[in-house]
Each structure stands twice: as C-alpha cells, then as structure tokens.
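The values are calculated or read from the model by the stated rules, or taken from the named source; none is laboratory data. The structure presented is a predicted model; accordingly, all values stated were derived computationally and were not measured. Cβ coordinates were reconstructed from backbone atoms using ideal geometry, including for glycine residues, and neighbour counts include every protein chain displayed.
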Amino acid sequence: MKHKIMTIVFCAILLAGFALNVVTPDKDISFTERRPLDQMPVLNKDFIFSKDTGEVLEEYLLDQFWNRDGVRSLKVWFDRIVLRKSDSSGLYEINGHLFKMDYPLNENSVIKAADKIKDINTKFLGVADQVAYSIIPDKAHYNPLKDKYLSLDYEKMESILTEQMETVSDNGQTRIPAMGYVALEPTLELDDYYYTDLHWKQENLKETVEAIWNYFGIEAELDMDEFTVKDYAPFYGAYYGQAASNGNGDQLSWLVDEEIENMIVKDFDEMKASKDIVYAEEKLGTVDSYELFFGGNSPLIVIDNPSCETGDRLILFRDSFGSAIAPLLAKEYSQVVLVDLRFLGYEYLGNFVDFEDADILFMWGQAIYNDSTMIRQR
Amino acid sequence: MLFSSVSFLYYFLPILLIGYLLLPTKWKNPLLLLFSMFFYFYGENLYISILIISSVVDYTHGIGIEKYRGTWIPKALLASSVIINVGLLATFKYSDFFVENLNALFMGDNPLALPGLALPLGISFYTFQTMSYTIDVYRGEVKAQRNFIDFATYVTMFPQLVAGPIVRYSDVADQIEERKRIGRLDKETFFQQFGLGVERFAIGIGKKVIIANALGELAKTLYASQEPSVVLYWVAMAAFSMQIYFDFAGYSDMAIGLGHMIGFKFPENFDHPFISQSITEFWRRWHMSLGGWFRDYVYIPLGGSRGSLPKQIRNIFIVWFLTGFWHGASWNFVLWGLYFGVLLTLEKMVWGKAVKKAPRAVRHIYTLFLLSFSFVIFDTVDLTLLPVRIGGMLGLGDIPAINSFTLYYLRSYGLLLLISVLVATPLPAELYRKLRARLGGSGDGKAAGTWLEVLDGLEVLAMAAMLIVCTAYIVDSSFNPFLYFRF
C-alpha cells in the first residue's frame with residue numbers, strides 16, 4: 001500500500017507542477033527581484049541547434065516557474081528554520097530588518113578609493129576646507145546582533161580612509177588632513193534604514209543633513225514640520241526579493257514643500273524616461289520604487305533652487321543614497337550638482353562641472369569604498 | 001538536462017511517465033530511446049552525434065565479433081572499438097591537456113593553439129559502457145545485440161547516461177529483453193517497483209540539492225577566504241568531501257530510482273564509504289561501478305595480483321593512474337590516483353595486516369585521516385595551492401587555529417555538516433529499521449499494523465516534502481551543475 005500511495009503522490013506532484021507551469025501565463029517582470037524575467041525563446045532552427053538551447057530554456061523555465069516568489073521563500077524558510085543557517089544566500093533577518101552580508105573589508109579597494117578622491121582633488125579642486133568626504137554606514141553596521149554576523153568593519157574603513165586622506169607636512173613631522181571628514185555614523189541608527197532595502201529613509205535624515213550643512217558652515221536647522229509627508233506602500237526593497245522574504249514591505253515616504261516643488265532639475269541622462277523632476281511619482285509601483293527620487297540613477301543632475309539666493313553651490317559625489325538626501329541638502333544651496341562616478345568617468349568632469357567656489361562632498365556607501373572599481377576614471 | 005532541474009522534474013519526467021505507462025509494452029524501448037535522445041540533445045545539442053557514433057560503432061563491432069568468431073577479425077574489431085572509444089575520449093576530454101603539456105615541455109615561444117573542445121556530457125561514462133559491451137561480447141560473456149533500438153536504448157538510457165553508475169550491458173541485457181516478453185507487470189509488482197524508485201529518487205535529489213550544493217558553496221567560500229585558519233582548512237576539506245560524496249551518491253540514487261520507475265535495476269555505486277576501516281575497503285564502497293570496470297577490464301587482464309611483486313605493483317599503479325586520469329584532465333587527478341596507488345600498495349604489502357589488527361576506532365581515524373588529504377588533492381586543480389591547503393591543515397605557516405570568519409561558517413553550517421556526516425553512515429537507516437521492527441512487533445497485531453501504517457504515511461510525507469523543498473532550492477538557484485559532469 002505504501003508504495004502505491006508513494007507512486008500516486010509522486011506522480012501527482014509532477015503532474016501538478018507540469019499543469020501549473022503550463023497553464024500559468026508568463027510574467028514580464030519580477031517585482032520582488034527587480035528584474036525582467038526571461039521569456040519563451042522563439043523555437044526556430046537556429047535556436048534549436050544552438051549550443052545554448054538547454055541553458056536558455058532552463059533559465060526561462062526557472063524564471064517563469066509557478067508562484068516563483070512563494071517557492072523561493074520556502075527555500076529561505078528551510079535554510080533558516082530547519083537547517084538553522086545564519087544566512088540564506090548571504091541575507092539574514094533580525095527583528096524584521098533584512099541585512100546583506102558584505103564581507104570582507106577590501107583594504108586595497110578602500111585605499112584605491114582614497115587615491116581616486118585625492119586624484120580628483122588634485123585635478124579639479126584643491127581647496128581643503130571646502131572639500132570633504134564621508135562614509136554612509138552600511139545598514140548592517142547598526143545590526144544589534146552584529147557580532148554574530150560578518151559585516152564590513154566601519155571603524156577600520158574609517159581609519160584607513162582618514163590615514164589615506166592625510167598628507168605629510170613639508171618638514172615631515174606632522175600629518176595634515178588633505179580634506180575634511182563629515183562623520184555621518186553618529187547621525188544615523190538602524191530605523192533610519194528601510195526594513196527591506198539597503199537605503200536610508202528620507203524622512204529620517206534631519207541630523208544627517210544638518211551635519212553636512214554644519215560642516216560647510218551653514219548654521220541652519222531642517223524644520224521637519226514644514227514638510228508634507230507623502231507615502232507609498234508596500235515598498236519592496238532590494239533585499240526583499242533577494243531574501244525571498246515573506247514579510248511585509250516598507251512604507252516609502254518623501255518630503256514635499258513649496259521650495260522643493262519649485263526646484264529646477266536638469267538631468268543629463270538622455271536615455272531616462274522620467275527626468276528633470278525631484279520626485280518621479282510614476283516610478284512608484286514599478287520594479288524599483290526607490291527610483292521615485294530623481295527617476296533613478298543618473299551620471300549628472302543639476303538642481304537649481306530659486307528659493308535660496310545665497311549663491312552657494314554644492315557638488316555631491318554620490319551613489320544611490322545621494323538621491324534621497326539631495327532635495328533636503330538643496331534647501332540651503334542655490335545649486336546642487338549630483339555626480340555619480342559609477343556612470344561618468346572623473347577625467348571628463350571638467351567638461352561638465354564648475355568647481356569654482358563650491359562646497360564639495362564625496363559621500364558614498366561602504367559598498368562603493370569596498371569595491372572602488374565602481375568609481376570610474378574614464 | 002539535469003535531474004535537479006525544472007525541465008526534467010516538471011516537463012520531461014511527467015511526459016515520459018505518462019507515455020511510458022500508457023503505451024503497449026513493445027513500444028517502451030523505442031519510447032525510452034526517443035526520450036533519452038531528447039534528454040541528451042537538450043543539453044548537448046549536436047554532441048549527440050558522438051553518442052550515436054559510439055553506439056553504432058559498438059553495435060556493429062559486437063555483431064562482427066560474434067559473426068567472425070574463431071578468426072583474427074574479432075581481435076581487430078575489439079582493438080578498433082577500444083581505439084575509437086578511447087580516441088573520442090582523448091579528443092574531447094584530454095586534447096587541451098595534452099596540448100598544454102606539449103606546449104609547456106617542448107614548444108617554448110611557439111605554443112600550439114588549444115583545441116578548446118567542450119566536454120560532451122557523460123562521455124567518460126558512455127564510452128566505458130560501450131567498450132565494456134564489446135569486450136564482453138569478445139570474451140563471450142554476453143551475446144551481441146542484434147536489435148539496434150534495444151542496443152541504443154541501453155547506451156543512451158537517460159538515468160545513467162551522464163553520470164553513471166557505469167551500467168554494463170550484462171547488467172541490463174535481460175531486462176531489456178524481458179520487458180518485451182512478459183508484457184505489462186501486475187499492479188502490485190508495478191507499484192512495488194515504482195514506489196521503491198520514488199523513494200530512492202527522493203533521497204537522491206535531497207542529497208544532491210540540499211546537502212551537496214550547500215556544502216559546495218561552503219567549501220568554495222572557505223577556500224576563497226583571505227582569513228585562513230587551521231580549522232578553516234579542515235572544515236573546507238570536510239565540506240568538499242561531503243559535497244563530492246553527496247553529489248555523486250545522490251546522482252547515483254536518482255539514477256537507480258529512475259531505473260526502478262521504468263523497470264530497470266541498475267548496480268549500486270556507493271555503500272557508505274566513510275565508514276570504511278581501510279583505504280582498500282573505501283574503494284570497495286566508493287564508486288563501485290568504476291572500480292569494478294577497472295578491475296575487470298584493466299587490472300585482471302594485466303595479471304592482477306598474480307606474478308612477481310614488481311609486476312603486481314606495476315598493475316596497481318597503472319590502474320590508479322588511469323582511475324585518477326579518468327576523473328579529469330588535470331595533474332591533480334593523476335596525483336590523486338597515484339596517492340591511492342601508493343596507499344593501496346602499502347596496505348597490500350606493508351601495513352595492511354597491522355591495520356586489520358588495530359582497534360576499530362584507530363582504523364577509522366587512520367582511514368579518514370588519509371582520505372582527508374585525498375579530497376584536498378582532488379579539489380585542488382591548481383597544484384601550487386596544494387602545499388598551502390595541506391600546510392594549513394597541519395598548522396604550518398603563520399595562521400591562527402581559528403578565527404571569527406571560520407566560527408561564523410561553522411555556526412551557520414554546523415547542523416548541515418552534522419546531518420551530512422550522519423546521513424553518510426548507515427545509522428539513520430539502521431535506526432529506522434529498528435524502529436519499524438519494534439513498532440511492528442509491539443502489542444497486538446492490529447496496533448502494530450497501525451503503527452506501521454503511520455510510519456508508511458510519514459515516509460510518503462517525507463518523500464513529498466523532500467521533492468517540494470528541493471524544487472524550492474532549484475527555483476532559487478539559476479545554475480546548478482552536477483560536479484561529476486566534468487568527468
């Protein structure tokens with residue numbers, strides 16, 4: 001009897017899997033994984049007799065597997081609950097927060113990042129008190145159980161950068177900082193980051209914005225009461241899909257006031273569909289709702305703030321974290337220029353950016369310092 | 001196509017089984033041949049021609065040998081079959097290796113271009129199978145198969161086509177014929193056979209997908225670490241050993257299970273090798289179909305353990321050089337084979353008797369200790385890393401005993417490692433057997449029967465859960481190759 005039932009159950013699972021996969025319509029995009037899904041290839045002679053036939057079909061079948069997200073979350077559950085693994089594919093969850101293990105600290109990469117910053121400084125800048133760098137701590141730095149996991153050592157990264165950013169005085173006796181350092185770590189805590197994403201929340205950046213302003217001599221406070229807070233939910237962050245999490249999404253909030261609404265944005269990425277706007281609300285509910293901020297990544301964005309008549313300018317070398325903070329920083333500047341060196345080689349900056357009398361801040365997340373090949377020279 | 005793939009589990013297998021169960025008996029072999037050809041074509045495309053060449057060669061050679069028995073022709077045909085099959089293997093598997101070494105030794109600044117041929121899936125397995133067929137026909141141990149469809153069904157049979165076990169024609173010749181003769185199985189025999197196959201398949205896919213893949217990732221992560229420690233090298237070795245065992249044994253289980261489902265009984269390939277108490281015993285329990293092949297077609301024809309001592313040693317080293325080289329076109333595999341050659345020679349001629357007399361625990365430790373290094377050699381294609389890894393295990397060099405990196409992975413994979421060690425022994429099966437015996441013999445017959453039914457139900461549930469969890473793992477990964485496909 002056992003073998004009979006075994007046979008029936010086995011065949012039922014196979015046939016159910018077959019039927020569900022055949023009947024379920026193909027999807028174009030995986031929202032949780034933030035990527036287009038492979039589509040059924042055209043079965044012509046060239047494809048059938050190509051050397052990649054099996055591989056391409058397999059990728060398609062995997063992408064279009066029935067209830068793919070649900071099935072993947074079973075694997076994560078099994079890893080965590082049954083096998084007691086600390087992480088599943090490098091991701092883990094503590095108190096609802098998803099973290100990604102980025103490890104180990106690549107000291108050479110951090111040194112090369114410092115070299116690149118100094119190179120830019122030498123080529124274009126050269127005014128120490130107007131130039132500063134900072135590190136946006138990885139969310140895992142605030143993990144309350146950090147000691148049980150592997151994460152990038154923030155303090156070590158900070159000390160390497162500090163050391164690299166010093167120059168030796170003429171008499172060789174003392175070391176002088178080549179540029180200033182804006183410490184962001186004390187201004188943040190875990191809940192300033194989304195549960196399901198690596199990024200920080202715009203509505204929690206008051207202290208961070210003020211720390212940057214203060215460094216550049218702007219004695220202003222960000223009055224959070226002035227803003228209207230707009231919300232979108234559920235926001236499924238980058239880790240949500242990777243972790244195949246079953247948890248709830250986040251609430252994505254953004255701050256609006258008249259001053260921000262009046263800002264004039266010029267986005268130099270000609271390929272972007274949503275551009276020249278601070279908040280691209282049409283991006284909400286798309287593959288990456290975080291592209292709400294300026295419509296997503298761009299090599300160069302110039303924000304003019306007609307409400308600020310000081311004439312002060314800020315050049316922000318930034319990664320995706322910079323998108324959320326830029327509208328807030330811009331409230332005390334007449335112009336903010338966002339430069340993303342992941343998409344624009346710094347050798348060409350002279351053609352696009354005027355550095356004269358501007359405050360300049362290099363502000364990247366730990367992941368960029370740890371993989372500084374992303375900072376393009378050409 | 002891999003067994004642990006969506007295309008196999010949820011498209012190929014259900015369609016095949018529907019056809020297989022519905023079609024009249026006489027169509028089963030042609031259907032199996034058709035599906036096996038598709039199975040191979042799906043992954044290897046035009047390389048299917050090599051499989052066909054190998055099949056046609058040995059089919060015709062077998063008939064020729066039988067037809068001209070008593071003349072010089074069978075010997076010539078045997079030589080021709082061996083040359084063609086070994087030639088295919090040499091061309092597609094070893095040509096890059098030969099050219100690389102030729103360049104390194106003789107070509108200086110004018111190296112020859114590497115042929116760069118992709119390795120056809122399972123070529124090491126099916127060439128050995130077809131060769132064994134021709135040799136067996138030559139020896140008169142089996143009759144030549146006159147029906148090409150039946151012969152091609154044997155060669156291309158998808159469960160064992162790409163990663164073994166190496167099924168000899170004599171193992172399945174009767175089964176290929178018999179299924180045509182006896183027609184449909186009675187229901188009880190059919191469910192018995194199919195259900196056994198399902199059990200075996202579910203266990204195999206679990207070994208491969210849940211244990212081997214995860215431990216492979218662990219070994220890779222640890223070896224790639226810039227923070228070595230003595231414990232790290234031992235854990236990496238253990239993870240790789242378990243990976244290679246569960247990968248290959250899992251595949252063999254799946255092959256055997258699928259064989260049962262379609263009415264074939266394939267030979268066993270592994271018998272809990274890690275409980276061995278000597279290296280000699282290990283090789284009686286590890287990759288048994290390959291060991292048997294080299295024993296019957298190389299070692300014994302060379303003279304085996306007869307003749308003078310130097311001749312016996314020569315025979316051992318030839319076999320183990322070939323065994324190593326069969327596993328891959330790289331010097332580490334040759335070194336791995338020769339390492340076993342040395343150990344087996346020493347066990348045979350120097351300390352084998354002393355090992356037998358040693359306490360059981362000592363025999364286990366002795367065997368596992370020597371095996372540890374064999375797996376490191378097997379895993380180290382870049383031989384310059386070998387002293388680093390073995391030195392690391394022995395605590396040589398300036399590395400700590402353990403560090404936080406090692407501890408993290410030990411903690412994270414501790415349970416899986418423990419499970420893998422347990423499953424590698426007969427203990428779980430033995431405990432389950434005892435449990436069944438105890439419950440089956442408890443109280444009155446009715447209660448015992450109920451208990452056994454509960455256990456049967458749990459087995460079915462476990463099989464279903466295993467299949468579903470493995471599906472989740474497969475869907476979660478985009479690329480999931482079997483290790484043994486490169487051999």
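Of all residues in segment A:21-66, which are modelled with pLDDT under 90, polar (S, T, N, Q) and within 25 Å of A:Thr286 (Cα to Cα)?
The answer is A:Ser30, A:Thr32.
Output the residue which, of all residues in segment A:80-120 that are surrounded by 20 or more Cβ atoms within 10 Å (Cβ to Cβ) and among the small types (Gly, Ala, Ser), is farthest from B:Val469 (Cα to Cα).
A:Ala114
What number of residues within segment A:282-300 are touching a strand residue (DSSP E or B) at 6+ places or on another chain (Cβ under 8 Å) and at pLDDT 90 or above?
Final tally of qualifying residues: 10.
Where in segment B:7-116 are the helices (runs of 4 or more DSSP H), entirely inside, with at least 2 residues that are in contact with a helix residue (DSSP H, G or I) (Cβ under 6 Å, 6 or more places away or on another chain) and of a type in the set (Ser, Thr, Tyr)? Break it down into steps so the answer makes sense when it comes.
Working: elements: B:13-22, B:28-44, B:48-67, B:73-89, B:95-102.
In segment B:7-116, the matching helices (runs of 4 or more DSSP H) lie at B:28-44, B:48-67.
Give me the pairs: first residue in segment B:293-311 and loosely packed, with under 15 Cβ neighbours inside 10 Å, second residue part of a helix (DSSP H, G or I) and not aliphatic (A, V, I, L, M), beta-carbon distance under 7 Å, and six or more apart or on different chains, which are they?
These pairs meet every condition: B:Gly303/B:Lys311; B:Gly303/B:Asn315; B:Ser305/B:Gln312.
Mind checking which residues of segment B:405-417 are surrounded by fewer than 17 Cβ atoms within 10 Å (Cβ to Cβ) and in contact (Cβ under 8 Å) with a residue 12 or more places away in the chain?
Across segment B:405-417, the qualifying residue is only B:Leu410.
Within segment A:121-131, work out how many residues are surrounded by 14 or more Cβ atoms within 10 Å (Cβ to Cβ) and at pLDDT below 85.
Looking only at segment A:121-131, we keep the residues that are surrounded by 14 or more Cβ atoms within 10 Å (Cβ to Cβ), and these are A:121, A:124-125, A:127-128, A:130-131.
Now restrict to residues that are at pLDDT below 85: A:124-125, A:127-128.
Adding up the residues that qualify gives 4.
Here are B:Ile73, B:Ile63: which of them is in contact (Cβ under 8 Å) with a residue 60 or more places away in the chain, out of contact with any Cys (no Cβ under 9 Å at 6 or more places or on another chain), over 30 Å from B:Met1 (Cα atoms) and surrounded by fewer than 20 Cβ atoms within 10 Å (Cβ to Cβ)? Talk me through it step by step, then tell me what you get.
Numbers: B:Ile73 fails: in contact (Cβ under 8 Å) with a residue 60 or more places away in the chain.
Testing whether each residue is in contact (Cβ under 8 Å) with a residue 60 or more places away in the chain, out of contact with any Cys (no Cβ under 9 Å at 6 or more places or on another chain), over 30 Å from B:Met1 (Cα atoms) and surrounded by fewer than 20 Cβ atoms within 10 Å (Cβ to Cβ) leaves just B:Ile63.
Residue by residue, here is whether (1) on the phi < 0 side of the Ramachandran plot; (2) exposed (fewer than 12 other Cβ atoms within 10 Å of the Cβ); (3) within 13 Å of another protein chain (Cβ to nearest Cβ) holds:
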residue: B:Lys434; (1), (2), (3): yes, yes, no
residue: B:Arg438; (1), (2), (3): yes, yes, no
residue: B:Ala448; (1), (2), (3): yes, no, no
residue: B:Ala464; (1), (2), (3): yes, no, yes
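Name the pairs whose Cβ atoms lie under 7 Å apart, with the first residue in segment A:205-219 and assigned by TED's automatic domain parsing to the domain that holds A:Ala324 and under 19 Å from A:Glu189 (Cβ atoms), the second in a loop (DSSP other than H, G, I, E, B) and not aliphatic (A, V, I, L, M), and 6 or more positions between them or separate chains?
Here the result reads A:Glu210/A:Glu221, each pair linking segment A:205-219 to a residue that is in a loop (DSSP other than H, G, I, E, B) and not aliphatic (A, V, I, L, M).
Based on what the data block shows, is A:Ile135 over 30 Å from A:Lys75 (Cα atoms), assigned to a helix (DSSP H, G or I) and either in contact (Cβ under 8 Å) with a residue 60 or more places away in the chain or in contact with a Phe, Trp or Tyr (Cβ under 9 Å, 6 or more places away or on another chain) (or both)?
Working: over 30 Å from A:Lys75 (Cα atoms): yes; assigned to a helix (DSSP H, G or I): no; either in contact (Cβ under 8 Å) with a residue 60 or more places away in the chain or in contact with a Phe, Trp or Tyr (Cβ under 9 Å, 6 or more places away or on another chain) (or both): yes.
Against the criterion (over 30 Å from A:Lys75 (Cα atoms), assigned to a helix (DSSP H, G or I) and either in contact (Cβ under 8 Å) with a residue 60 or more places away in the chain or in contact with a Phe, Trp or Tyr (Cβ under 9 Å, 6 or more places away or on another chain) (or both)), A:Ile135 does not qualify.
Checking A:Arg72 against (1) buried (at least 20 other Cβ atoms within 10 Å of the Cβ); (2) out of contact with any strand residue (DSSP E or B) (no Cβ under 9 Å at 6 or more places or on another chain); (3) part of a helix (DSSP H, G or I); (4) without any contact (Cβ under 8 Å) to a residue 60 or more places away in the chain, which single condition isn't satisfied?
(4)
Check segment A:223-232 and report whether any residue there is part of a loop (DSSP other than H, G, I, E, B) and over 30 Å from A:Ser88 (Cα atoms). Spell out how you get there, then give the answer.
From segment A:223-232, those part of a loop (DSSP other than H, G, I, E, B) are A:223, A:227; that's our starting set.
With over 30 Å from A:Ser88 (Cα atoms) added as a condition, the list becomes A:223, A:227.
There is at least one residue in segment A:223-232 that is part of a loop (DSSP other than H, G, I, E, B) and over 30 Å from A:Ser88 (Cα atoms).
For segment B:139-159, enumerate the residues that are in a helix (DSSP H, G or I) and either farther than 11 Å from B:Asp58 by Cα or free of Cβ contacts under 8 Å to residues at least 60 places away in the same chain (or both).
Step one: of segment B:139-159, the residues in a helix (DSSP H, G or I) are B:139, B:148-156, B:158-159.
Across segment B:139-159, the qualifying residues are B:Arg139, B:Ile149, B:Asp150, B:Thr153, B:Tyr154, B:Thr156, B:Phe158, B:Pro159.
This table checks each residue for (1) surrounded by fewer than 23 Cβ atoms within 10 Å (Cβ to Cβ); (2) over 19 Å from B:Glu268 (Cα atoms).
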residue: B:Ser132; (1), (2): no, no
residue: B:Val137; (1), (2): no, yes
residue: B:Lys143; (1), (2): yes, yes
residue: B:Arg146; (1), (2): yes, yes
residue: B:Asp150; (1), (2): yes, yes
residue: B:Pro159; (1), (2): no, no
residue: B:Tyr169; (1), (2): no, no
residue: B:Ala173; (1), (2): yes, no
residue: B:Arg179; (1), (2): yes, yes
